[in-house]
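Student: Before I ask anything, here is the structure I am working with.
The values are calculated or read from the model by the stated rules, or taken from the named source; none is laboratory data. Just so you know, these numbers come straight off a predicted model, no measurement behind them. No Cβ is skipped: glycine too gets one built from the backbone with ideal geometry, and neighbour counts run over all protein chains shown. Remember, those area values only see protein heavy atoms, side chains included, never the ligands or the DNA or RNA. Shrake-Rupley method; radii C 1.70, N 1.55, O 1.52, S 1.80 Å.
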Amino acid sequence: MFGVCYYPEHWPQSKWQEDAQMMAELGLTYVRIGEFAWSKLEPNPGELNFNWLDEAILTLSNAGLKVVLGTPTATPPKWLIDQHPDILPIDVNSGLVRGFGSRRHYDFSSEIYLRESIRITKALAARYGAHRGVVGWQTDNELCCHDTTLSGSANALRGFQSWCRDRYQSIEQLNSDWGNVFWSMDYRDFSEIELPILAVTETNPAHRLAYRRFSSDQVVNYHNQMIAVIRQHTSTQFITHNFIPMNETGVDNFALAAPLDFTSYDNYPLGRTDLLMSDAPAEQLRRYMRSGHPDFATYYHDQTRGLLNRGFWIMEQQPGPVNWANNNPRPAPGMIRFWTIEAFAQGADCLCYFRWRQAPFAQEQMHAGLLRPDNSKTEAWSEAEQAIAEIARLDLGNQPIPTACVAIITGVEGLWVSDIEKQGQAYDFNSVQFSFYSALRELGVNVDFISIDADFSPYKIVVAPSLPIIDAAFVKKCKESNAQFIFGPRTGSKTSEFGYPQSLPPGLLQSLLPVRVLSVETLRSDCTESLSWNGQIYESCRWREQLDAGDAEVIAQYHNGEPAIVRNGNITYLGTLTNSAFLVDFLQQQCQEGKIETYRFGDDIRVSQRGNLLFAFNYSDQSYELPLTADTILLLGEKNLEPLEIAVWQAPDKTSLLK
């Protein structure tokens, strides 16, 4: 299934019918509209104008298209801000108001904005909740984008004080849990509590963790109330949200996704590659400058699928140069098709291109669409045509979502801890997690992202790259599981209130692994030491723990012979960060021991499996001869996989057709 993001309010009504006909002719089914249109829907307070939206939906519906309607709450109109200026958030780094003139200019702690959001959402849901042309809803747009989770407002302060009162019950308990005796930080009453921002130096990490938890809860509460309003007026239309990654929202995306029918993601491989590789040497970036890194897109596809463990949508797919990265190159020829098929291989049920026509005005006028402002077709048009035909030929709609034998445990608390307590500039939660994922992808292994609360029974290997806060229930599940667990450094290194375990890290995990972390050193990323494993020398870097191995088996050593990686039964603990060469070799050995098939074809070849279809994607600039047996029937592509090309073949009865 395919769709497009369309803004009828940007174009003369005389264009709408032609646009709708062209969409249908391209093979599109869904059209997302309305997510930024509050000022058109309500130009003056209480003056609702749905006439233009009625006509737009009718025009699209008459062309056989199905509408996904966005709630317009990402862009409160000027009159609302003027009436209630305290809707605006306060920047936590400067203390200044983040004003009107762009988008996402609202504070999740504003009760007035919550009330107004419910009001406009209710009006839309009441009018379109049973409309035959509307099949679903998108809540808001990219919640928490532009660092909007945290606010330093008076509204946030009052909300935080109330949240603390509910959580800790007594101020004595809060002072104890936070360790406020340090630096004379004791509070006498909940009304004295400040937000942990704009202080002389670093604020109490327990205070900051509580503030992050509160802020996440505020976003989830806001979102839940929007969903509840829509549900009151429809029982047949779906509700989704177009997520950005958890490392950017700073919010518990699992909780945010829980009430939705399915999740969606906005996929911009080149924009993300440019931002995530901004410090990389030019020769390294140039390798992926026009294709995107081989694992960046799927990293977020798999996280999005994992939020509800079901098929997901790409609500926005990059069609050409974007406007918001540091640098915005054109995709290499064929990449729109490539990214489209890749998304379906990772479990997408539908993909929508952003946007229909490039806007000739305002902030995104340099953002490409399927059409240029003069209505001529961009290169993306023909690639979309090809991809739509190929997806239909592969009958991917009848293939189940990808299944995995390997899971990565992720969660926002790991992000919060590493952000609050850097300890070393080279330690970054997302980079650590990505390094494990990328190594598994290089092995051609399907990966699920799961929460700490998930069921471990479907998996043979469970990897926890950064899990500093664990509880007894988690340890009990690990003990009862038959999976092999691989824990990265910092596991169990903090209590639930950001304290240091008195028994030393890994804290509660010591009941399964008799190990103590005696001390931690952090190094510059370019200052590495050696790591000896399996008769080979690799790198130990950035974060290094001095381990008392106790009775555990030492399976890798530092340069000085001290234990670096230890194992006890089905629990393996890495006391150090390392390089990709080690992770690929080590994880391949773990997969072989677990009888998990791997496809290690090269640095830039990626293999995915969905149902009984195997996909190979060549991100390199060299052709690659796939090691397929002579009787393999290719459904798409060639055995000699050209640069930036795709091959798809069928594995009957789940039997590998690789040599």
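Student: Take the stretch 171-210 and flag every residue that is touching a helix residue (DSSP H, G or I) at 6+ places or on another chain (Cβ under 6 Å) and either modelled with pLDDT under 95 or among the aromatic types (F, W, Y) (or both).
Tutor: Scanning the stretch 171-210 gives W178, Y187, F190.
Student: Another question about this same structure. With the condition kept exactly as written, say whether any residue in the stretch 71-82 is of a type outside the set (S, T, Y), closer than 15 Å to Q218 by Cβ and touching a Gly at 6+ places or on another chain (Cβ under 8 Å).
Tutor: Within the stretch 71-82, not a single residue is of a type outside the set (S, T, Y), closer than 15 Å to Q218 by Cβ and touching a Gly at 6+ places or on another chain (Cβ under 8 Å).
Student: Does K494 satisfy the criteria of being more than 26 Å from the chain's Cα centre (by Cα) and either open to solvent by 10 Å² or more (accessible area, probe 1.4 Å) or aliphatic (A, V, I, L, M) (or both)?
Tutor: No, not satisfied.
Student: Looking at T71, T29, T59, which one is open to solvent by 10 Å² or more (accessible area, probe 1.4 Å), in contact with a Phe, Trp or Tyr (Cβ under 9 Å, 6 or more places away or on another chain), within 18 Å of W313 (Cα to Cα) and not charged (D, E, K, R)?
Tutor: T29
Student: Next question. For the list (1) under 17 Å from A125 (Cα atoms); (2) open to solvent by less than 60 Å² (accessible area, probe 1.4 Å), I need the number of the one condition that W16 fails.
Tutor: (1)
Student: I would also like to ask the following. Across the stretch 74-93, which residue is surrounded by the most Cβ atoms within 10 Å (Cβ to Cβ) among those that are of a type in the set (A, V, I, L, M) and touching an Asp or Glu at 6+ places or on another chain (Cβ under 7 Å)?
Tutor: I87
Student: Quick check on this structure: which one of C527, C541 is within 28 Å of R287 (Cα to Cα), of a type outside the set (F, W, Y) and buried (at least 16 other Cβ atoms within 10 Å of the Cβ)?
Tutor: Step by step, each of C527, C541 is checked, and only C541 is within 28 Å of R287 (Cα to Cα), of a type outside the set (F, W, Y) and buried (at least 16 other Cβ atoms within 10 Å of the Cβ).
Student: A further question follows. Go through the stretch 5-44 and count every residue that is closer than 18 Å to H241 by Cα and assigned to a helix (DSSP H, G or I).
Tutor: The number of residues fulfilling the criteria is 1.
Student: Can I ask one more? Here are K66, K40: which of them is closer than 28 Å to Y106 by Cα and open to solvent by 50 Å² or more (accessible area, probe 1.4 Å)?
Tutor: Every option except K40 fails the conditions.
Student: For the list (1) without any contact (Cβ under 8 Å) to a residue 24 or more places away in the chain; (2) under 23 Å from A362 (Cβ atoms), I need the number of the one condition that P76 fails.
Tutor: So the condition that P76 fails would be (1).
Student: Follow-up. Which of the residues that make up the stretch 94-117 are surrounded by fewer than 20 Cβ atoms within 10 Å (Cβ to Cβ) and either of a type in the set (D, E) or more than 14 Å from G152 (Cα to Cα) (or both)?
Tutor: Result: F100, G101, S102, R103, R104, E111, I112, R115.
Student: Taking helices (runs of 4 or more DSSP H) that do not extend beyond the stretch 366-462, which have at least 2 residues that are open to solvent by 30 Å² or more (accessible area, probe 1.4 Å) and within 30 Å of R337 (Cβ to Cβ)?
Tutor: 379-394, 429-442
Student: Can you pull out every residue in the stretch 514-557 that is farther than 22 Å from Q423 by Cβ and assigned to a loop (DSSP other than H, G, I, E, B)?
Tutor: Of everything in the stretch 514-557, those that are farther than 22 Å from Q423 by Cβ and assigned to a loop (DSSP other than H, G, I, E, B) turn out to be P514, N534, G535, A549, G550, D551, A552.
Student: Run down A325, A348 and say which single residue is in contact with a Gly (Cβ under 6 Å, 6 or more places away or on another chain) and closer than 17 Å to Y268 by Cα.
Tutor: Result: A325 is the single residue among A325, A348 that is in contact with a Gly (Cβ under 6 Å, 6 or more places away or on another chain) and closer than 17 Å to Y268 by Cα.
Student: Where residues in the stretch 613-633 are of a type in the set (A, V, I, L, M, F, W, C) and open to solvent by less than 100 Å² (accessible area, probe 1.4 Å), which of them is farthest from the chain's Cα centre (by Cα)?
Tutor: L628
Student: Consider only pairs whose beta carbons are under 8 Å apart and that are at least six residues apart or on different chains; among these, list those whose first residue lies in the stretch 281-299 and is closer than 23 Å to V607 by Cβ and whose second residue is open to solvent by 70 Å² or more (accessible area, probe 1.4 Å) and assigned to a helix (DSSP H, G or I).
Tutor: From the stretch 281-299, the pairs are H293/L276; F296/L276.
One line per residue, one yes/no per condition, for (1) charged (D, E, K, R); (2) farther than 30 Å from L174 by Cβ; (3) modelled with pLDDT of 95 or more:
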position	(1), (2), (3)
S496	no, no, yes
G499	no, no, yes
Q502	no, no, yes
P506	no, no, yes
V515	no, yes, yes
W533	no, yes, yes
E539	yes, yes, yes
R544	yes, yes, yes
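Student: Considering only residues that are touching a residue at least 24 places away in the same chain (Cβ under 8 Å) and among the basic types (K, R), look in the stretch 356-394 and name the one that is farthest from W324 (Cα to Cα).
Tutor: Residue satisfying both the conditions and the ranking: R393.
Student: Which one of these does L518 not meet: (1) of a type in the set (A, V, I, L, M); (2) open to solvent by less than 50 Å² (accessible area, probe 1.4 Å); (3) touching an Asp or Glu at 6+ places or on another chain (Cβ under 9 Å)?
Tutor: The one condition L518 does not meet is (2).
Student: In the stretch 520-532, is there at least one residue being touching a residue at least 24 places away in the same chain (Cβ under 8 Å), polar (S, T, N, Q) and touching a Lys or Arg at 6+ places or on another chain (Cβ under 7 Å)?
Tutor: Yes: one or more hits.
Student: Which pairs turn up if I take residues in the stretch 189-207 that are more than 18 Å from Q173 (Cβ to Cβ) and open to solvent by less than 40 Å² (accessible area, probe 1.4 Å) and look for partners that are assigned to a helix (DSSP H, G or I) and aliphatic (A, V, I, L, M) with beta carbon separation below 6 Å, at least 6 apart in sequence or on another chain?
Tutor: Here the result reads L195/L157, each pair linking the stretch 189-207 to a residue that is assigned to a helix (DSSP H, G or I) and aliphatic (A, V, I, L, M).
Student: Could you check how many residues of the stretch 472-511 are assigned to a loop (DSSP other than H, G, I, E, B) and more than 16 Å from G575 (Cα to Cα)?
Tutor: Number of matching residues: 12.
Student: Could I ask something else about it? List the pairs whose first member sits in the stretch 577-598 and is more than 25 Å from S525 (Cβ to Cβ) and open to solvent by 40 Å² or more (accessible area, probe 1.4 Å), whose second member is among the small types (G, A, S) and in a loop (DSSP other than H, G, I, E, B), and whose Cβ atoms are under 7 Å apart, counting only residues at least 6 apart or on separate chains?
Tutor: E597/S656
Student: Shifting gears a bit: Is at least one residue of the stretch 459-472 more than 21 Å from the chain's Cα centre (by Cα), among the aromatic types (F, W, Y) and farther than 13 Å from N309 by Cβ?
Tutor: no
Student: What's the number of the only condition in (1) within 30 Å of E202 (Cα to Cα); (2) in contact with a strand residue (DSSP E or B) (Cβ under 9 Å, 6 or more places away or on another chain); (3) of a type outside the set (V, I, T); (4) part of a helix (DSSP H, G or I) that W79 fails to meet?
Tutor: Looking at each condition in turn, W79 falls short on (1).
Student: Tell me which residues, restricted to the stretch 247-288, are of a type in the set (S, T, N, Q) and closer than 30 Å to S235 by Cα.
Tutor: Of everything in the stretch 247-288, those that are of a type in the set (S, T, N, Q) and closer than 30 Å to S235 by Cα turn out to be T249, N253, T263, S264, N267.
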